[in-house]
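A.B. asks: Structure below; questions to follow.
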Amino acid sequence: MPAALSYPGVYIEELPSGVRTITGVATSITAFVGRALRGPVDDPLRIYSFADFERNFGGLWADSTMSYAVNQYFQNGGSDAIIVRLHNGALTGSAGVALSAGGPAVFTAAYPGGWAARVRIRIDLDLDPDVVAANPANTMFNLSVKDLAAGTIEQHRNLSISATHPRFATAVLKQASQLLRGPATIAAQPTASGAPAATATDPFDDPSATAMTVGANPDGSAITATQLHSGVNLRANKQGLYQLEKADLFNLLVIAPYTADTDLAKADWDAVVSYAHDRRAMVLVDAPSSWANASAATTAGAIVGVASRNENAAMFFPRLQFSNPLHDNRIEPFAPSGAVAGVMARTDANRGVWKSPAGMDATLSGVQSLSVNLNDPENGALNQLGVNCVRNFPNTGPTVWGARTLKGADSIASEWKYLAVRRMALFLEESLYRGMQWVVFEPNDEPLWAQIRLNIGAFMQTLFRQGAFQGASPKDAYFVRCDGTTTTQTDINLGIVNVIVGFAPLKPAEFVVIKLQQIAGDIPT
């Protein structure tokens, strides 16, 4: 009713419909954690192509197994990734810019790593007269910086040495530069860089420019469990793997091997899978590089049971052989998780998250061969353990040929046996979690319950029409309950509303049985 009825006439009032659309979340945003040549180390960065990775993280690097995984992800259909860069003792480059009053102002590289050795700085005092007149004398300057390796140039004009000035150099660089950071204080106006030699083709690639220096072993050592998850207060400080706390959503998690020859240990996978479970994400576990054949896999049962929460993990075997452009295109083995994540993203886009990312459509691009060629009996033995195989078939080439979680072993008999079923459940959980935030603090009674049933029912019906559930009719495919039977008066008194959502998942036709029988034909009697 309108707030005040004061005059005779017609009043118009808009009434809420109670319809609040629930939108399905993305299903294949893949988080990668590992070393990179360059790039931010404090915050995860979302990218949409390998070109983005090259611009921000330096592209392929022989010491970064993650860089190859990211490349293989986009090569196989991935389109959305979150990169978490870790390092173990990488150094931050620095450069002393001469000041007019003597002594340098030390500028540092934006991110640690040996990439900074190719950064050059030039200072000029070619200022607009109006800028000079509007500021104290000898306080303004222009700064240009270039990464000679990447060719990136940044120009920052009308910078001030005063910390209270809106264009204080350090504050501007922190906000606007991908290459450089300034000192806390700048005592005097920087001195202009000298003129480059007449023969110089690039003024930055000339001794007159200020070069950035980095110490010995600037890229540090290979990362270990300490940098990934076991260091002191990593989760509390949102460091290491737990930088992903700063990311809103990811669905798949890929942890590349520490080095080409060093796998993650079982304790590492335990921690990773446990964290992924908390974030409603799947971990793609690489089978150990020591598995040289199917027999090694079937006798190494300890790694198969990764954690008590391993319905959120799937293992793939064997390793994939790619040509390595950094090693004269020699064929080398790589962990399969990056490429398989790309296949999952491609399958989600083409068919939906309810389709198992395996089968004749799940071919792998760029793979030259497999480190182990499996036959049907070997595939069968691994499949019973919940290890997903990659097979090489004559007409399709390398193909993902398994769709189970690490609770998919036949002996476990888990309801989360199949990867597609688990991923579908995670998709529903995340979508409903985000889509029902409006319910909090609403009056807890039948009008609210009816709205909940309406909105979740509409969401589930849309999925049913897309073929996400089994069943010939909606009542066979899903149900939504929220009423006096799910929420008692005691629950209402405690501020609780209970919603029960059930769905009939699609399960893969893992075993196709064709029965062939002869018939006698037309025999006269």
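The values are calculated or read from the model by the stated rules, or taken from the named source; none is laboratory data. Note that this is a predicted model, so its numbers are computed, not measured. Virtual Cβ from ideal backbone geometry, glycine too; neighbours counted across all protein chains shown. Just the protein is used for accessible areas: all its heavy atoms, side chains included, with ligands, DNA and RNA removed. Shrake-Rupley method; radii C 1.70, N 1.55, O 1.52, S 1.80 Å.
Per-residue answers, yes or no, for (1) over 30 Å from residue 363 (Cβ atoms); (2) touching a Gly at 6+ places or on another chain (Cβ under 6 Å); (3) not small (Gly, Ala, Ser):
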residue: 58; (1), (2), (3): no, no, no
residue: 64; (1), (2), (3): no, no, no
residue: 67; (1), (2), (3): no, no, no
residue: 84; (1), (2), (3): no, no, yes
residue: 96; (1), (2), (3): yes, no, no
residue: 109; (1), (2), (3): yes, yes, no
residue: 113; (1), (2), (3): yes, no, no
residue: 124; (1), (2), (3): yes, no, yes
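A.B. asks: Taking region 50-60, which residues are open to solvent by less than 40 Å² (accessible area, probe 1.4 Å) and within 18 Å of residue 247 (Cβ to Cβ)?
C.D. replies: Scanning region 50-60 gives 52, 53, 57.
A.B. asks: Sticking with this one: Look through 188, 192, 163, 171 and report the one residue that is in a helix (DSSP H, G or I) and of a type in the set (Gly, Ala, Ser).
C.D. replies: Exactly one of 188, 192, 163, 171 is in a helix (DSSP H, G or I) and of a type in the set (Gly, Ala, Ser), namely 171.
A.B. asks: Identify the residue in region 38-49 that is of a type in the set (A, V, I, L, M) and at pLDDT 95 or above and, among all such residues, is farthest from residue 246 (Cα to Cα).
C.D. replies: The qualifying residue farthest from residue 246 (Cα to Cα) is 47.
A.B. asks: Name the residues in region 470-525 that are on the phi > 0 side of the Ramachandran plot and touching a helix residue (DSSP H, G or I) at 6+ places or on another chain (Cβ under 7 Å), would you?
C.D. replies: Correct list: 471 only.
A.B. asks: Could you tell me which numbered condition residue 137 fails, if it satisfies all but one of (1) more than 30 Å from residue 56 (Cβ to Cβ); (2) of a type in the set (A, V, I, L, M); (3) outside any loop (DSSP other than H, G, I, E, B); (4) without any contact (Cβ under 8 Å) to a residue 24 or more places away in the chain?
C.D. replies: (3)
A.B. asks: Do we find that residue 387 is modelled with pLDDT under 95, at negative phi, out of contact with any Leu (no Cβ under 9 Å at 6 or more places or on another chain) and not charged (D, E, K, R) in this structure?
C.D. replies: Taking the combined requirement at face value, the residue does not satisfy it.
A.B. asks: Failed condition for residue 107, given (1) aromatic (Phe, Trp, Tyr); (2) open to solvent by 30 Å² or more (accessible area, probe 1.4 Å); (3) part of a strand (DSSP E or B), with all others met?
C.D. replies: It is condition (2) that residue 107 fails.
A.B. asks: Kindly evaluate residue 40 against the criterion of being in contact (Cβ under 8 Å) with a residue 24 or more places away in the chain, assigned to a loop (DSSP other than H, G, I, E, B) and crowded, with 19+ Cβ neighbours inside 10 Å.
C.D. replies: Here the answer is no, as residue 40 does not meet what is asked.
A.B. asks: Just checking, how many residues over region 248-274 are under 18 Å from residue 341 (Cα atoms) and of a type in the set (Phe, Trp, Tyr)?
C.D. replies: 2
Residue by residue, here is whether (1) in contact (Cβ under 8 Å) with a residue 24 or more places away in the chain; (2) of a type in the set (A, V, I, L, M, F, W, C); (3) open to solvent by 40 Å² or more (accessible area, probe 1.4 Å); (4) touching a Lys or Arg at 6+ places or on another chain (Cβ under 7 Å) holds:
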{"position": "435", "(1), (2), (3), (4)": "yes, no, no, no"}
{"position": "440", "(1), (2), (3), (4)": "no, yes, yes, no"}
{"position": "446", "(1), (2), (3), (4)": "yes, no, yes, no"}
{"position": "452", "(1), (2), (3), (4)": "yes, yes, no, no"}
{"position": "455", "(1), (2), (3), (4)": "yes, no, no, yes"}
{"position": "475", "(1), (2), (3), (4)": "no, no, yes, no"}
{"position": "485", "(1), (2), (3), (4)": "no, no, yes, no"}
{"position": "494", "(1), (2), (3), (4)": "no, yes, yes, no"}
{"position": "517", "(1), (2), (3), (4)": "no, no, yes, no"}
